[in-house]
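Have a look at the structure below before the remarks.
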Amino acid sequence: MVTAKSFVEEIIKIENNIHLLKIYSPKIASEITPGQFLNIKVSDNFFPLLRRPFSICDVDEKFIYIMFNILGDGTKILARKRTGEELDILGPLGHGFKTEGNFDTAIIVAGGLGAAPFPLFTKQMSSLGKNIYSFIGGKSESDIITYGMNNTFISTDDGSFGFKGTVIELLNRNIKILQENKIKIFSCGPTPMLRALKEFCVKNNFDCEVSTESAMACGFGICQGCPIESESKKDKYLLVCKDGPVFNIKDVLI
Ligand SMILES: Cc1cc2nc3c(=O)[nH]c(=O)nc-3n(C[C@H](O)[C@H](O)[C@H](O)COP(=O)(O)OP(=O)(O)OC[C@H]3O[C@@H](n4cnc5c(N)ncnc54)[C@H](O)[C@@H]3O)c2cc1C
Ligand code: FES
């Protein structure tokens with residue numbers, strides 16, 4: 001993990017009003033693996049005080065991309081950044097996805113902005129020669145993000161785009177793809193989706209890694225501010241920033 005002089009290159013708007021922030025940061029870019037994150041100080045003054053964590057969406061030589069939607073103060077400030085502005089970033093942080101292993105097909109399950117880590121992940125899977133199917137869900141069409149993903153299957157709760165129902169129901173409808181290949185599932189998204197995915201994986205005995213979220217301060221294991229309960233050891237907590245954000249779905253209580 002390093003802090004290194006980094007600069008805003010540009011902000012690109014992609015589908016559904018999602019922003020891609022392109023950051024010039026050669027040193028950090030050279031050390032990234034899929035599923036890691038950056039902790040970004042969005043302003044030079046004391047407001048907002050805490051850095052904001054963002055999944056690393058993609059890396060292109062000396063550039064890092066993050067994906068965000070304007071939600072509150074931090075992302076409002078980020079969206080106003082101009083080309084050439086210096087950006088104080090800390091990264092790469094955390095443990096990402098285990099991309100090597102005994103599977104030939106990666107199944108991505110992403111809900112809403114949970115799509116953020118998967119463009120880089122998809123690139124890496126392709127370079128390792130793995131097949132990829134991407135199951136993408138949202139409440140309605142405006143939540144669907146397919147940027148940087150291949151072989152997409154879409155679901156929306158209201159049926160405004162793709163299959164009408166949850167992404168887990170969509171997985172169930174396509175269970176043959178999962179059963180007929182040597183698969184591993186990789187997921188990121190809202191907690192109810194991850195809970196349902198855990199039930200689905202346990203029932204079908206599928207191996208699965210999930211990228212989790214928690215409120216964070218330091219981002220590297222000092223403040224103890226981002227606990228997640230361990231599944232295997234009762235009353236033991238892990239840190240999302242240091243032990244995660246990616247965990248095997250069996251290891252954490254979601
Ligand atoms: C490991 C990790 C990776 C993350 N990756 C991304 C990413 O790739 N892209 C991204 O946009 N965000 C990501 N987040 C969330 C991000 O850090 C911010 O919390 C979020 O962007 C909102 O920041 P803000 O300052 O604009 O909003 P705040 O001012 O902090 O909050 C404004 C409002 O939004 C709500 N809110 C805050 N965070 C979320 C959230 N995650 N989902 C729903 N509501 C929320 C708050 O409760 C509040 O009501 C990640 C968080 C973690 C822990
Ligand atoms: S954010 Fe400080 S320990 Fe995780």
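Some points to look at:
- Taken over the stretch 201-216, the criterion of being within 16 Å of ligand 2 (Cβ to nearest atom) and surrounded by 16 or more Cβ atoms within 10 Å (Cβ to Cβ) is satisfied by Ser211, Thr212, Glu213, Met216.
- Of the candidates Lys76, Lys81, the single residue that is assigned by TED's automatic domain parsing to the domain that holds Ser30, outside any loop (DSSP other than H, G, I, E, B) and out of contact with any helix residue (DSSP H, G or I) (no Cβ under 8 Å at 6 or more places or on another chain) is Lys76.
- When Lys233, Lys164, Lys184, Lys198 are checked against the criterion of being over 28 Å from Leu93 (Cβ atoms) and away from ligand 2 (no atom under 15 Å from the Cβ), Lys164 stands alone in meeting it.
- Pick from the stretch 25-48, criterion more than 19 Å from the chain's Cα centre (by Cα), among the hydrophobic types (A, V, I, L, M, F, W, C) and within 11 Å of ligand 1 (Cβ to nearest atom), ranking: modelled with the lowest pLDDT: Phe47
- Residue check: Leu20 meets all listed conditions (1) touching a Ser or Thr at 6+ places or on another chain (Cβ under 8 Å); (2) modelled with pLDDT of 95 or more but one, namely (1).
- Residue check, Cys218 part of a loop (DSSP other than H, G, I, E, B) and not small (Gly, Ala, Ser): yes
Residues are listed down the side, and each one gets a yes or a no for (1) surrounded by fewer than 19 Cβ atoms within 10 Å (Cβ to Cβ); (2) in a loop (DSSP other than H, G, I, E, B):
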| position | (1), (2) |
| --- | --- |
| Ala4 | yes, no |
| Ile23 | no, no |
| Pro34 | no, yes |
| Ile40 | no, no |
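- Residue check, Ile40 within 16 Å of ligand 2 (Cβ to nearest atom) and in the same structural domain as Ile89 (by TED's automatic domain parsing): yes
- Residue list for the stretch 71-95, filter: surrounded by 15 or more Cβ atoms within 10 Å (Cβ to Cβ) and more than 16 Å from ligand 2 (Cβ to nearest atom): Thr75, Ile77, Leu78, Ala79, Lys81, Leu87, Asp88
The values are calculated or read from the model by the stated rules, or taken from the named source; none is laboratory data. Being a predicted model, the structure only gives us computed values, none of them experimental. Here the Cβ is made from the backbone with ideal geometry for all residues, glycine too, and neighbour counts use every protein chain on show.
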